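Asks: Provided herewith is a single structure, encoded as structure tokens, for subsequent inquiry.
What follows is calculated from the coordinates using simple rules that are stated; it is not laboratory data. On a predicted model such as this, the values are computed, not experimentally measured, just so you know. Glycine also receives a Cβ, built like all others from the backbone with ideal geometry; neighbour counts cover every protein chain displayed.
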Amino acid sequence: MDYFEALKTSREQSSTPAVHSPLPLPAMHNVEETINYIKHTCSDLYFTSDSDEPVQIYQLSNPGLQALEASISKLSLPSAHDFAVFVAGDAENMEDFVAEKKPVAGFFERLCNQQVTEQQKQLAESLKRAFDVLTEEPGTDSACYRVGVLPNIEVYVVMLIDGQVVGIKTVSVET
């Protein structure tokens, strides 16, 4: 069943309109389901700044997890500085370098409001809802990291689920 068939079927089964992805929300603490959900949900999303950049899946690799293990073992995501060092290396010493950690709500508000089609708006809302639901239990965390050198700032919106960091990544061009 492709996306449009799944969308049509789900609309036929529900009498009330709902914001949804073609997939049901992933089960709590199931990293594989979460990754699959994010891949399908963000496949047609773009983040608009001074350019339109795709929203992509992001997952820390095992070596990456080991590098950030101290923070993750505390059941919280690392500081902006630690995350920036991990993803940008020595770039933090450059002029105009940005390393920020913010709540995910601001990112999702902007992402949801800037989508063009109704389908994109529903997908963005689904992704926001998944982050909200999956990070409401103890032992989970979420954050929006902005890392890079102006004008190209990489934006990582990630969650800590079952000791793994997964989420989305895009670029914000800020001139």
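Asks: Sorted by mean Cβ packing within 10 Å, highest first, what order do the peptides 137-147, 106-116 take?
Replies: Output ranking for 137-147, 106-116: 137-147, 106-116.
Asks: So, R0 is 35 Å and r is the distance between the beta-carbons of residue 90 and residue 32; what FRET efficiency does that work out to, to 0.05?
Replies: 0.55
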